[in-house]
Amino acid sequence: MQEIGLVPYPLNLKFSRKKGGAAFMRIFLPEEIGFCFGVERALKLVRDELKKGNHIYTLGDLIHNPGVVESLRRKGVIPISSLSQISKGTLVIRSHGASPFLIKEERRKGLKILNATCPYVLRVQRIARYLSMKSYQVIIIGLATHPEVEGVMANVDKRRAYVVKTPEEATEIPFASKIGVVAQTTESIDNFENIVKNLVEKGREIRVFNTICKVIRQRQEITRRLAKKVEAMIVVGGHNSSNTHQLVKLCKSLKVKTYFVESRNGLETQDLKHFKKVGLVGGTSTPRSAVKEIKDFLLSIN
Ligand code: SF4
């Protein structure tokens, strides 16, 4: 990766100055932007199903990006909040996965199921199920209300399972002879490590599975490196996207001026024109085009 994967655009590569004038802004854009493969896969399944002319429903938004969800809605992909809202058609299980009981219920209703659960999420479910079967007290590091965590929780014995979001919460977990740990795929690696440190005292035997998705780890690492080089970071993604929030949190923890926007509309020339080095990153449910639109806007300031 050349200088954190800079796009080969002349202004990105050189710190140019107008003769006798103000310095140009250098824009750092990693190659790793756009949808992750789990989101790509879910979108492809949905597009293929649309071609068959079927009615498509998703329990919640297909991905955590309002712009993409709206454009899908216009094509006939309708988010619903409860199974009672539909009696026929195709129901898509999102990349976050779902509870096995819910999938059973969908089948019972006679709905066609399109399972777009990401293989990385299936892996977390599988490990958590195995740990629970082997009588481990299961700790899921993540956000209890996130659909992925709800889906993982549905695979374990809830009487011996906890969802932990902070290192402080980890200190409140009861002692158990065997503890098994997994993480939401979009968890921050720093938070994961800090929580695991506090769990070490909580059991005689501890098995830790780092189930953070490798795409997420890579984006966090690139964001960390980039944030240390620039004066301002622009993080592009849905405000309901967990992994985009993690990138924002990471940038802020590094004390770099951080802008969190869903589109170009969230940015003002006035705020940005003084910066000489700006980094641009996107969440895994952010289309490449949304990040590029912002890059073009920054170039227009130059
Ligand atoms: S972020 Fe990772 S786990 Fe989540 S959908 Fe994308 S590839 Fe799968």
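No value in this document is a laboratory result; all are computed from the given coordinates. In this text, all values refer to a predicted model and were calculated from it rather than measured experimentally. Don't worry about glycine lacking a Cβ; one is built from the backbone with ideal geometry, like all the others, and counts go over all protein chains shown.
Near ARG26, the amide H atoms lying under 5 Å from its own belong to LYS277, VAL278; only residues 5 or more places off or on other chains count, and H is placed 1.01 Å from N.
Restricting attention to region 117-207, lysine pairs at least eight places apart or on different chains and with alpha-carbon atoms under 17 angstrom apart total 7. Computed extension gain for SER177 through ARG126, at 0.36 nm per residue and net of the alpha carbon distance, reaches 16.2 nm.
Helical content alone sets the calculated 222 nm signal of the chain at -11500 deg cm²/dmol, taking -39,500 (n - 2.57) per DSSP H segment of four or more residues and averaging over every residue. Annotation: for a label point projected 7 angstrom from Cα along Cα→Cβ of GLU231, residues of region 253-267 with backbone N closer than 19 Å are 254-260, 267. Multiplying the residue separation of GLU205 and ASP48 by 0.36 nm and removing their Cα-Cα distance gives an extension gain of 51.9 nm. Report the FRET efficiency, 1/(1 + (r/R0)^6), for PHE24 and GLN218, where r is their Cβ-Cβ distance and R0 is 41 Å, rounded to 0.05. Computed FRET efficiency for PHE24 and GLN218: 0.90. If only the Cβ of Lys and Arg carry +1 and only the Cβ of Asp and Glu carry -1, the dipole of region 86-218 around its Cα centre is close to 780 debye. Give me the angle, in degrees from 0 to 90, between the Cα long axis of helix 37-51 and the longest principal axis of the Cα atoms of the chain, rounded to the nearest 10. So the helix axis and the longest Cα principal axis differ by about 80 degrees. Each Cα pair under 8 Å and six or more residues apart adds its separation to the average, and for region 125-186 the resulting relative contact order is 47 percent.
For LYS75, the lysines whose Cα comes closer than 29 Å to its Cα, not counting residues fewer than 8 places off in the same chain, are LYS44, LYS51, LYS52, LYS88, LYS104, LYS109, LYS112, LYS292, LYS295. Plainly put, the chain has a radius of gyration that is 1.03 times its Kirkwood radius, both from alpha-carbon atoms, as the Rg/Rh ratio. With 5 Å bins beginning at zero, the pair-distance distribution over Cα atoms of region 51-111 amounts to 4, 18, 30, 26, 16, 6, 1 %. The equivalent ellipsoid of region 129-169 has semi-axes of 17, 13, 7 Å, largest first, where each one is the square root of 5 times an eigenvalue of the Cα gyration tensor.
Helix 189-199 and the long axis of the chain differ in direction by around 40°, with both axes built from C-alpha atoms. Put simply, the amide H of TYR162, placed in the peptide plane, has neighbours under 5 Å in VAL138, ILE139, ILE140, leaving out anything fewer than 5 places away on its chain. Assuming charge only on the beta carbon of Lys and Arg (+1) and of Asp and Glu (-1), the dipole of the chain about its Cα centre is about 600 debye to the nearest 20.
Averaging over all projection directions, the Cα-based convex hull of region 120-212 occupies 4.9 nm² in the image plane. Take the Cβ atoms of LEU254 and ASN302, set R0 to 25 Å, and the FRET efficiency comes out at 0.50.
Its relative contact order, with pairs defined as Cα atoms under 8 Å and 6+ residues apart, puts region 50-120 at 33 percent.
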